[in-house]
Amino acid sequence: MRLLVSVVDAQEVEEAILGGAEIIDIKNPREGSLGAQPPGKIAEIVAVIPPGVESSAAIGDVPNLPGTAALAAAAAAQCGVNYVKVGLLHVARATDAMDLLTEVRLAVKACNPMARVIACTYADTISGSCLSPAELASVAAAVHVDGCMLDTARKDGKSLRTWIGTGEIQGFVFACRHASLLCGLAGSLQGIDFEWIRGLAPDVVGVRGAACTGDRVMGRVSRDHVANIRNVLLGGSGRLDLRPHSLPRS
């Protein structure tokens, strides 16, 4: 499993990497679960990420507007990220999701052929308001995007497993693996959630709030918080004694 930590600016990158983050995710939590940063901010953050650490950018919890989503995806891809994440919060039908994801994929590949597209759905929405986890993997595979993530739309302190059963999440992970899709889990994960997540073995675990001192919007990423999460995901327990060291620069 790789640990993805969401940051809001270049200053948080160092804390995330020193704590053990393997993917730096660029988002604006003020604009939602997958809130987007403007292209200038994305480029600024990408510029300070050292070699060997991947980057992703969220483009929003998008409406069912394929052209609009494609434009946002193109802008993010041009900033040089490894992954472009699109949240299908307002896309309920599989056919609509396929149309939107197709346009996003084409836009991303035109601007950055090496970038990968990750489609995200949500565990805490009303049934029928967005794709179910079971639907997402089949839709993503059908239109040749690269991976799927399961998250929560409401950031109210209730974690992913409050909203969805372990069996259903296991099914989601299995479906992604069967379709050769990257699989990510996120959603207000805290404390013992990480031991539970470890047993599910997704490819990527995403965090923001648990990595911060304070809440996900006003708080700041802390290397100690990140290191503790990573330690649990790797099967350890307790706090780590981190020795100060310098972040490698590109």
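The values are calculated or read from the model by the stated rules, or taken from the named source; none is laboratory data. Bear in mind that the values here come from a model prediction, so they are computed numbers and not experimental data. Positions of Cβ are backbone-derived with ideal geometry, glycine not excepted, and every protein chain shown enters the neighbour counts.
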> Looking at the stretch 123-136, which of its residues are modelled with pLDDT under 95 and crowded, with 23+ Cβ neighbours inside 10 Å?
Replying inline: ALA123, CYS130, LEU131
>> Quick check on my filter: what residues within the stretch 20-62 are part of a loop (DSSP other than H, G, I, E, B), more than 18 Å from the chain's Cα centre (by Cα) and not small (Gly, Ala, Ser)?
In response: VAL48, PRO50, PRO51
>> With part of a loop (DSSP other than H, G, I, E, B), loosely packed, with under 15 Cβ neighbours inside 10 Å, modelled with pLDDT of 95 or more and out of contact with any strand residue (DSSP E or B) (no Cβ under 6 Å at 6 or more places or on another chain) as the only criterion, which of SER237, SER250, SER180 stands out?
In response: SER180
> Taking the stretch 215-238, which residues are over 16 Å from ARG2 (Cβ atoms) and aliphatic (A, V, I, L, M)?
Replying inline: VAL217, MET218, VAL221
> What is the one condition in (1) out of contact with any Cys (no Cβ under 7 Å at 6 or more places or on another chain); (2) in contact (Cβ under 8 Å) with a residue 40 or more places away in the chain that GLY87 does not satisfy?
Replying inline: (1)
> For the stretch 137-157, which residues satisfy the criterion of being at pLDDT 90 or above, out of contact with any Lys or Arg (no Cβ under 8 Å at 6 or more places or on another chain) and not small (Gly, Ala, Ser)?
Replying inline: VAL139, CYS148, LEU150, ASP151
> Is it true that some residue in the stretch 160-178 is touching a Cys at 6+ places or on another chain (Cβ under 8 Å) and free of Cβ contacts under 8 Å to residues at least 12 places away in the same chain?
Replying inline: yes
>> Residues that are assigned to a loop (DSSP other than H, G, I, E, B), among the aliphatic types (A, V, I, L, M) and crowded, with 22+ Cβ neighbours inside 10 Å: does the stretch 92-112 have at least one?
In response: no
